[in-house]
Amino acid sequence: MKIAVCVKQIPDPASPYQLDPATYNLVRPTEQVLDDTDRYGVEVGLQIAGETEGTVTLVSMGPSGNLNGIRQALAMGADGAILIDDEALKGSDSLTTAKILAAAMAPESFDIVIAGTESTDGYSGVVPQQIAELLGVPALTYAKKIDVEGSTVRINRQTATGYDTIEAPTPVLVSVTAGVVEPRYPTFKGIMDAKKKPVETKTAADLGITVTVNQRIALVVPAPSRSGGQVVIDDGTGHEKIIAMLEQAKVI
Amino acid sequence: MAWIFIEEVSGAPAVVGLEILSKTRTEGATTVLYFGKGSDAAFATLGEFGATDVFHLVPSDGSTGTAAAAAAISDLVAQHQPDAILFGQTYTDRDVAGRLSTRLDRTMISNGIDVSLDGSVGVTTEIFGGSQLVTTMFEGPGPHLVLIRPKSFPAESAGGGAPTVTTVPMPDAGHAGSARVTGSFVEKTEGPKLEEAAVIVAGGRGLGSVEGFELVERLAAPLKAATGATRAIVDAGWVPYSKQVGQTGKTVKPDVYIACGLSGAMQHLVGMKDSKMIIAINKDEEAPIFAVADLGIVGDVHQVLPKLIEALENR
Ligand SMILES: Cc1cc2nc3c(=O)[nH]c(=O)nc-3n(C[C@H](O)[C@H](O)[C@H](O)COP(=O)(O)OP(=O)(O)OC[C@H]3O[C@@H](n4cnc5c(N)ncnc54)[C@H](O)[C@@H]3O)c2cc1C
Ligand SMILES: Cc1cc2nc3c(=O)[nH]c(=O)nc-3n(C[C@H](O)[C@H](O)[C@H](O)COP(=O)(O)OP(=O)(O)OC[C@H]3O[C@@H](n4cnc5c(N)ncnc54)[C@H](O)[C@@H]3O)c2cc1C
């Protein structure tokens, strides 16, 4: 199977996120990390490739920076990457993102395209479905378990109350939830090999896509914060304070 | 003119759809795109919450139907030209909305918590764990597509009568429409539902182990509370996903939320910070959950919870 995994480099979630006050775009530093959500997609891709003697190509849109995040995914074992890095794509919306990713993937005729269900930084949660429609393929979304048998892909699709089993023939898009598999850690050899793997860089113009923006952030204001509560160190009577609060709330 | 997309869940309109309809009907938006088998009871519920017109989209047997629904809606859009279409930020709604945005070549705004439909369409979203509010305006031609988070508005009956229902033909979506449903499994849950409970006791990794979660369940019993969880312990397999509270889980607004051994990560906070009262127990004084707590106890859950449970059981 020829597999593509959509992966995103994001600012390290451990450091506070900031908006550029002029454009309201998220500030993206040179040093970015692989979105944790996408480690699951990479692992699923590698497992299916392992079973089917396939290949895994990473596809990513965004500022390359020092490629740290992409190298993380290559070090896990992906074979190569296509990166779309273009100043004109700054602040693009989910649909533009999907158009770029789909245009980069279309010529390669992948059997399976894998994405996360939502990213950590933007979490619009619709890019995978937009890509599926652009590529004209079925979407098996919110997978918490995946099996491939011949050219049929089956998943357990997360629902609010449990899961559905759904299936579709390739070519197909699969979006995976965190927890679907245990992502592997890169080995030392993996990290060394990652440096030599091919990373192809393209621009929006190379893909024939012009960027349109149809939404404008009008206002960003601090949310009304909750009135400060009381924080006390437990001296063995913490439970009594909780009971007093529960009585105040009239739930006991 | 705005439309509201509502998925059928267990034979009834999804609650998030009724929440959105309760809001939009006050601005004259009462047309629903209803996706599911449908029944007189389901249509009556839509009418009760203010729907006057329903376009009924029925998935063909065994199909997930989402690709066909997007195709059918884009045909309806060409005929009627609505200004906006609102969806819930839920799984099936996202599947349909994403495909629809591609078909119509229209941008969409996700994670809305408020929407204004008079004149230009604007959406309010929360970012950075709800610490900042963003207002985004659509520009260019409609329909403008919006995904609204559950619990953004209260669902309130308007006492309306039955709506006019029009069944919409579902086009053949070809290969894109070839995903099929082969089975459906519902996890057994006991006690009050998370979304409806007046009290929620939620636990995180600080409970130490799956056995630690029993403390949460034992505390919930005398309070008739529902139990909730962070993604960390759902991923660890301690509790099923249906208990997850947060950005990728449920949004809850109970009277009291008791957070036990959970840090209060941004993605957890967005799902519970609008609870009326928040009580947190965490051994780390710096834990972000304390910033939203009305009462914070800096302490060990294994010390505080057993005493609390005993005191409540003895009342
Ligand atoms: C706080 C915030 C809010 C935003 N809100 C909106 C909004 O309401 N509407 C809107 O149109 N845009 C929004 N954006 C912009 C949006 O995040 C970007 O367009 C982004 O490039 C793609 O969307 P996502 O990360 O939200 O994707 P999601 O749909 O959440 O991502 C799901 C999966 O798609 C794949 N994927 C997504 N982006 C990429 C990429 N660049 N490269 C490779 N794979 C990718 C990954 O596999 C990812 O796991 C927002 C951005 C921020 C920072
Ligand atoms: C895209 C995305 C979506 C996400 N969606 C969600 C979501 O929907 N819901 C969600 O919850 N998370 C979500 N997360 C994960 C989130 O970022 C956090 O990782 C998670 O909420 C942390 O769970 P936790 O609080 O249980 O664990 P931790 O952050 O590890 O916190 C454990 C806490 O327990 C305390 N503690 C330890 N021992 C004790 C003790 N003995 N007594 C008292 N306190 C103790 C510690 O001080 C610590 O504060 C998401 C993440 C991403 C990237």
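The values are calculated or read from the model by the stated rules, or taken from the named source; none is laboratory data. Just so it is clear, the model here is predicted, and its values are computed rather than measured. Reconstructed Cβ throughout: ideal geometry from the backbone, glycine too, with neighbour counts over all protein chains shown. Accessible surface areas use protein heavy atoms only, side chains included; no ligands, DNA or RNA. Shrake-Rupley method; radii C 1.70, N 1.55, O 1.52, S 1.80 Å.
Some values worked out for this structure:
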{"read-out": "Selection within the range A:30-47 - assigned to a loop (DSSP other than H, G, I, E, B), acidic (Asp, Glu) and either within 10 Å of ligand 1 (Cβ to nearest atom) or open to solvent by less than 70 Å² (accessible area, probe 1.4 Å) (or both)", "value": "A:35"}
{"read-out": "Every residue from the range A:161-181 that is at the interface with another protein chain (Cβ under 7 Å from one of its Cβ atoms) and either open to solvent by 20 Å² or more (accessible area, probe 1.4 Å) or in contact (Cβ under 8 Å) with a residue 24 or more places away in the chain (or both)", "value": "A:161, A:163, A:164, A:165, A:166, A:167, A:168, A:169, A:178, A:179"}
{"read-out": "Enumeration of residues in the range B:293-315 that are open to solvent by 20 Å² or more (accessible area, probe 1.4 Å), facing chain A (nearest Cβ under 9 Å) and either free of Cβ contacts under 8 Å to residues at least 40 places away in the same chain or not in a helix (DSSP H, G or I) (or both)", "value": "B:294, B:300, B:303, B:307, B:310, B:311, B:315"}
{"read-out": "Out of B:113, B:127, sole residue that is in contact (Cβ under 8 Å) with a residue 24 or more places away in the chain, open to solvent by 10 Å² or more (accessible area, probe 1.4 Å), among the β-branched types (Val, Ile, Thr) and within 16 Å of ligand 2 (Cβ to nearest atom)", "value": "B:113"}
{"read-out": "Whichever residue in the range B:238-262 is away from ligand 2 (no atom under 12 Å from the Cβ) and open to solvent by less than 10 Å² (accessible area, probe 1.4 Å) and, among such residues, is nearest to the other protein chains (Cβ to nearest Cβ)", "value": "B:256"}
{"read-out": "Count of the range A:14-29 residues which are more than 12 Å from ligand 1 (Cβ to nearest atom) and closer than 20 Å to residue A:66 by Cβ", "value": "3"}
{"read-out": "Meets criteria (within 28 Å of residue B:226 (Cβ to Cβ), more than 24 Å from the chain's Cα centre (by Cα) and open to solvent by 60 Å² or more (accessible area, probe 1.4 Å)) for residue B:210", "value": "yes"}
{"read-out": "Failed criterion for residue A:72 (all others in (1) open to solvent by less than 60 Å² (accessible area, probe 1.4 Å); (2) under 23 Å from residue A:195 (Cα atoms) hold)", "value": "(1)"}
{"read-out": "Qualifying residue in the range A:143-152 (condition: open to solvent by 10 Å² or more (accessible area, probe 1.4 Å) and under 20 Å from residue B:108 (Cβ atoms))", "value": "no"}
{"read-out": "So residue B:197, is it open to solvent by less than 60 Å² (accessible area, probe 1.4 Å), under 30 Å from residue B:257 (Cα atoms) and assigned to a loop (DSSP other than H, G, I, E, B)", "value": "yes"}
{"read-out": "Any hit, the range B:279-287, residues being within 21 Å of the chain's Cα centre (by Cα) and of a type in the set (D, E, K, R)", "value": "no"}
{"read-out": "Subset of the range B:215-260 that is in contact with a His (Cβ under 9 Å, 6 or more places away or on another chain) and assigned to a loop (DSSP other than H, G, I, E, B) - its residue that is farthest from ligand 1 (Cβ to nearest atom)", "value": "B:230"}
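Residue-wise test of (1) more than 14 Å from ligand 2 (Cβ to nearest atom); (2) more than 17 Å from residue A:78 (Cβ to Cβ); (3) within 13 Å of chain B (Cβ to nearest Cβ).
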| residue | (1), (2), (3) |
| --- | --- |
| A:2 | yes, no, no |
| A:8 | no, no, no |
| A:13 | no, yes, yes |
| A:18 | yes, yes, yes |
| A:24 | yes, yes, yes |
| A:28 | yes, yes, no |
| A:38 | no, no, no |
| A:45 | yes, no, no |
